[in-house]
Amino acid sequence: MIPVEARLAQIAPSILTADFGHLAQQIRDADAGGADLWHLDVMDGHFVPPLSFGKEVIAAVRAASPRFLEAHLMVARPGEQFAHMAHAGAQRLVFHYEAAGSAEAARDLARQAHDLGCEAGIAINPETPIEALYPLLDTLDEVLVMLIRPGWGGQQADLDLLSKVRALSARLAAEGIAMPINIDGGVKAHNARACAEAGATILVAGSAVFNADQTPADALAELHDALAR
Ligand code: DX5
Ligand code: ZN
């Protein structure tokens with residue numbers, strides 16, 4: 001297993017395509033196999049069409065692995081879920097700029113996350129320009145750039161959207177702000193390096209880690225190899 005300091009980026013598995021009949025075992029396999037943190041996708045059937053899971057599954061992952069845990073809230077009213085997620089063990093609450101609706105509302109949500117003792121992350125959909133987040137960078141702990149339309153695992157990444165990662169990375173450097181840039185959607189071993197070289201420091205990987213052909217540990221080893229410095 002290649003240690004994180006010898007890799008260009010961290011891997012955050014998403015369990016959306018895991019086998020929920022054996023969830024704790026899948027979590028333990030990925031934990032031992034090189035997952036760096038957890039990325040848990042909460043969907044409400046409104047902000048995105050599907051429903052996924054809520055605080056009970058967050059708590060189950062929390063109980064099965066000690067690693068850092070972020071909740072990606074694809075929900076229309078994220079603030080209403082913050083306390084539930086925090087109490088279940090989420091350490092970073094990632095809400096969508098599109099759900100917040102304005103920079104002012106996003107700033108308020110970030111403050112609510114901090115008041116709960118959590119980090120605040122903001123996610124943006126493919127059609128939202130990255131510049132919309134620039135007035136907020138001083139209040140955030142992470143930006144998550146979607147490379148797919150949110151709602152479903154197993155889609156193909158639009159790598160043209162890495163231009164947003166390059167622009168954000170340059171902006172953060174110019175402002176002297178250090179924070180993770182996370183990308184989400186369609187990350188595989190064959191494109192992971194390009195994502196990290198664009199400036200992403202956390203790569204969410206769902207179907208690349210939890211699929212029928214490979215164990216989570218084997219899949220993570222391939223991703224680590226692709227990211228070796
Ligand atoms: C989709 C989610 C992603 C997704 C990742 O809306 O936010 O986290 O499940 O899965 P893959 O890696 O399969 O695109
Ligand atoms: Zn996600």
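So which residues in the stretch 1-32 are away from ligand 2 (no atom under 15 Å from the Cβ), farther than 15 Å from residue 196 by Cβ and surrounded by 18 or more Cβ atoms within 10 Å (Cβ to Cβ)?
Of the stretch 1-32, the ones away from ligand 2 (no atom under 15 Å from the Cβ) are 1-9, 19-32.
Those still in the list that are farther than 15 Å from residue 196 by Cβ too: 1, 3, 19-32.
Listed by number, the residues that qualify are 26, 27, 29, 30, 31.
So in the stretch 33-47, with the set limited to residues that are surrounded by 21 or more Cβ atoms within 10 Å (Cβ to Cβ) and more than 12 Å from the chain's Cα centre (by Cα), which one is farthest from residue 142 (Cα to Cα)? Don't jump to the end; show me each part of the working.
Taking the stretch 33-47 first, the residues surrounded by 21 or more Cβ atoms within 10 Å (Cβ to Cβ) are 34-35, 38-43.
Then drop every residue that is not more than 12 Å from the chain's Cα centre (by Cα), which leaves 34-35, 43.
Working: 34: 21, 35: 18, 43: 20 Å.
Within the stretch 33-47, the match that is farthest from residue 142 (Cα to Cα) is 34.
Could you list, in sequence order, the residues of the stretch 1-31 that are part of a loop (DSSP other than H, G, I, E, B) and either closer than 23 Å to residue 155 by Cβ or in contact (Cβ under 8 Å) with a residue 60 or more places away in the chain (or both)? Steps first, answer last, please.
Keep residues of the stretch 1-31 that are part of a loop (DSSP other than H, G, I, E, B), which gives 1-3, 8-9, 15-19.
Once the filter is applied, which keeps residues that are part of a loop (DSSP other than H, G, I, E, B) and either closer than 23 Å to residue 155 by Cβ or in contact (Cβ under 8 Å) with a residue 60 or more places away in the chain (or both), the stretch 1-31 yields 1, 2, 8, 9, 15, 16, 17, 18, 19.
For the stretch 172-189, taking the residues that are away from ligand 2 (no atom under 16 Å from the Cβ) and within 19 Å of the chain's Cα centre (by Cα), the one that is nearest to residue 29 (Cα to Cα) is identified as 189.
Residues in the stretch 58-72 that are touching a residue at least 40 places away in the same chain (Cβ under 8 Å) and surrounded by 19 or more Cβ atoms within 10 Å (Cβ to Cβ) were compared, and the one that is farthest from ligand 2 (Cβ to nearest atom) is 61.
Residues in the stretch 205-229 that are within 11 Å of ligand 1 (Cβ to nearest atom) and in contact with a Gly (Cβ under 7 Å, 6 or more places away or on another chain): 206, 207. Filtering the stretch 92-137 to residues that are within 16 Å of ligand 2 (Cβ to nearest atom), in a helix (DSSP H, G or I) and aromatic (Phe, Trp, Tyr) leaves only 97. Test residue 102 against the stated conditions and say whether it is of a type in the set (Ser, Thr, Tyr) and touching a residue at least 12 places away in the same chain (Cβ under 8 Å). Judged against the criteria, residue 102 is not a match. Residue count for the stretch 34-81 satisfying the condition of being under 30 Å from residue 2 (Cβ atoms), in a loop (DSSP other than H, G, I, E, B) and touching a His at 6+ places or on another chain (Cβ under 9 Å): 1.
Of the residues that sit in the stretch 190-229 and are part of a loop (DSSP other than H, G, I, E, B) and either within 16 Å of ligand 2 (Cβ to nearest atom) or among the hydroxyl-bearing types (Ser, Thr, Tyr) (or both), which one is surrounded by the fewest Cβ atoms within 10 Å (Cβ to Cβ)?
Taking the stretch 190-229 first, the residues part of a loop (DSSP other than H, G, I, E, B) are 190-191, 199-201, 206-210, 212-213, 215, 227, 229.
Cutting the leftovers down to either within 16 Å of ligand 2 (Cβ to nearest atom) or among the hydroxyl-bearing types (Ser, Thr, Tyr) (or both) gives us 200-201, 206-210, 215.
Working: 200: 29, 201: 18, 206: 24, 207: 18, 208: 27, 209: 30, 210: 22, 215: 15.
Checked the stretch 190-229; the qualifying residue surrounded by the fewest Cβ atoms within 10 Å (Cβ to Cβ) is 215.
The residue of the stretch 149-200 that is nearest to residue 221 (Cα to Cα), among those that are touching a residue at least 40 places away in the same chain (Cβ under 8 Å) and among the β-branched types (Val, Ile, Thr), is 187.
What about residue 1, is it modelled with pLDDT under 95 and hydrophobic (A, V, I, L, M, F, W, C)?
On the way: modelled with pLDDT under 95: yes; hydrophobic (A, V, I, L, M, F, W, C): yes.
The answer is yes for residue 1.
Could you please let me know if residue 138 is out of contact with any strand residue (DSSP E or B) (no Cβ under 7 Å at 6 or more places or on another chain) and either in contact (Cβ under 8 Å) with a residue 40 or more places away in the chain or within 12 Å of ligand 1 (Cβ to nearest atom) (or both)? The answer is no for residue 138.
For the stretch 75-87, state whether one or more residues are surrounded by 17 or more Cβ atoms within 10 Å (Cβ to Cβ) and under 23 Å from residue 216 (Cβ atoms). Before you say what the answer is, go through the steps one by one.
Within the stretch 75-87, the subset surrounded by 17 or more Cβ atoms within 10 Å (Cβ to Cβ) is 75, 78-79, 81-82, 85-86.
From what is left, the residues that are under 23 Å from residue 216 (Cβ atoms) are none.
Looking for residues that are surrounded by 17 or more Cβ atoms within 10 Å (Cβ to Cβ) and under 23 Å from residue 216 (Cβ atoms), one finds none in the stretch 75-87, hence no.
The values are calculated or read from the model by the stated rules, or taken from the named source; none is laboratory data. All figures in this text were calculated on a predicted structure; none of them were measured in a lab. We place every Cβ from the backbone using ideal geometry, glycine too, and count neighbours over all the protein chains shown.
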